[in-house]
1. For a quick check of your reading: which helices (runs of 4 or more DSSP H) sit entirely within the range 22-98 and have at least 2 residues that are under 18 Å from the mean Cα position of the chain (by Cα) and modelled with pLDDT of 95 or more?
2. Can you tell me which residue among Val177, Val231, Val173, Val189 is modelled with pLDDT of 90 or more, assigned by TED's automatic domain parsing to the domain that holds Asp148 and in contact with a helix residue (DSSP H, G or I) (Cβ under 6 Å, 6 or more places away or on another chain)?
3. Can you tell me which residues in the range 263-300 are more than 25 Å from Gly253 (Cβ to Cβ), assigned to a helix (DSSP H, G or I) and among the charged types (D, E, K, R)?
4. Here are some residues: Lys198, Lys152, Lys123, Lys135. Which one is modelled with pLDDT of 95 or more, of a type in the set (D, E, K, R), in the same structural domain as Leu267 (by TED's automatic domain parsing) and within 25 Å of Tyr254 (Cα to Cα)?
5. Can you say whether Ala163 is assigned to a helix (DSSP H, G or I), touching a Pro at 6+ places or on another chain (Cβ under 9 Å) and of a type in the set (Gly, Ala, Ser), as far as the supplied structure shows?
6. Checking Glu108 against (1) touching a residue at least 24 places away in the same chain (Cβ under 8 Å); (2) buried (at least 19 other Cβ atoms within 10 Å of the Cβ); (3) assigned to a helix (DSSP H, G or I): exactly one of these is not met. Which one?
7. Restricting to the range 203-228, and then to whatever is among the aromatic types (Phe, Trp, Tyr) and modelled with pLDDT of 85 or more, can you tell me which residue is farthest from Phe74 (Cα to Cα)?
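The values are calculated or read from the model by the stated rules, or taken from the named source; none is laboratory data. Every value quoted in this text rests on a predicted model; they were computed, and no experiment measured them. Glycine also receives a Cβ, built like all others from the backbone with ideal geometry; neighbour counts cover every protein chain displayed.
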Amino acid sequence: MSNPAVPTQASASALPEGITDPNYKPLPGRLGNLTVPQQHALEQLRKQLQDEGHFVPERMDDATLLRFLRARKFNVALAKQMLINCENWRKEFGVDDLIKNFDFPEKEQVDKYYPQFYHKMDKDGRPVYIEQLGKLDFKGLYSCTSQDRLLKRFVHEYEKFLASRLPACSAAVGHPVETSCTILDLKDVSLANFYRVKDYVMAASSIGQDRYPECMGKFYIINAPWLFNGVWTVIKPWLDEVTVSKIDIIGSGYKDKLLAQIGSENLPKDLGGSCSCKKGCSLSDAGPWNEKKWQKIEAELNSGTVDGDVTLA
């Protein structure tokens with residue numbers, strides 16, 4: 001009898017270490033499910049980065065290199081340029097300093113005017129990210145923060161997502177988790193309000209797809225009003241085809257679709273689930289990343305001592 005953890009077609013790469021889920025089958029283009037040309041592309045990209053002095057071991061493991069390769073359809077030259085551009089951006093944006101020193105004391109205030117938060121996992125082990133654009137109060141938001149600080153927080157959260165959220169979810173389900181499940185709630189959204197904050201949304205979208213590629217697994221846009229077609233027309237050209245293909249736009253009848261992907265106990269009550277965190281789900285940051293091991297890794301990340309080699313164990 002064949003091992004169910006092994007892909008049906010022979011892979012040119014081995015499965016990552018630490019997998020405990022016997023039913024895990026990596027998607028194409030991931031470690032444990034690479035074709036021979038894909039494996040060669042990975043080796044070539046790594047070698048070229050090393051030879052040219054661009055390789056950063058703590059954040060360029062094979063899983064990360066594969067994310068950039070998938071984003072560029074395994075074109076080594078394009079993936080390498082994307083990585084180099086990303087490294088240049090990190091220096092310009094000051095990401096390393098941001099990781100160590102950024103603080104966001106206005107978090108509770110911002111939550112009142114534009115809730116954006118991670119909350120538990122979906123049924124595939126992905127961290128669930130929820131953004132309630134319909135609750136946006138533009139005046140209130142920019143009375144307590146700025147677009148610059150929102151973008152810094154966005155990047156800081158992405159770094160935390162890679163350093164502790166994904167590894168914690170991977171350990172919880174026993175197999176690599178590389179993407180998030182996002183819910184964008186447009187209930188009562190105002191087109192005027194969206195256009196006021198569109199510069200931030202566009203900048204954040206650009207950072208997400210260009211600097212942190214292939215991190216989106218599922219994306220649900222719920223409570224989409226009829227006027228969303230106009231908003232979508234603005235957003236869509238900024239997104240690549242792969243990203244657009246992962247987006248599911250739903251109206252008010254979204255509950256069954258969300259519950260098919262996310263357990264009721266992991267979905268906030270106001271989105272059709274049964275979870276009601278003490279502080280409110282949007283401020284609880286509930287999830288496996290709150291275990292001591294991952295809190296320690298986050299502290300090391302903030303102090304600059306984490307080495308980037310986090311296992312599933």
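1. 62-71, 76-93
2. Val177
3. The answer is Lys292, Lys293, Lys296, Glu298, Glu300.
4. Just a single option satisfies the conditions, and that option is Lys123.
5. no
6. All conditions are met except number (2).
7. Tyr220
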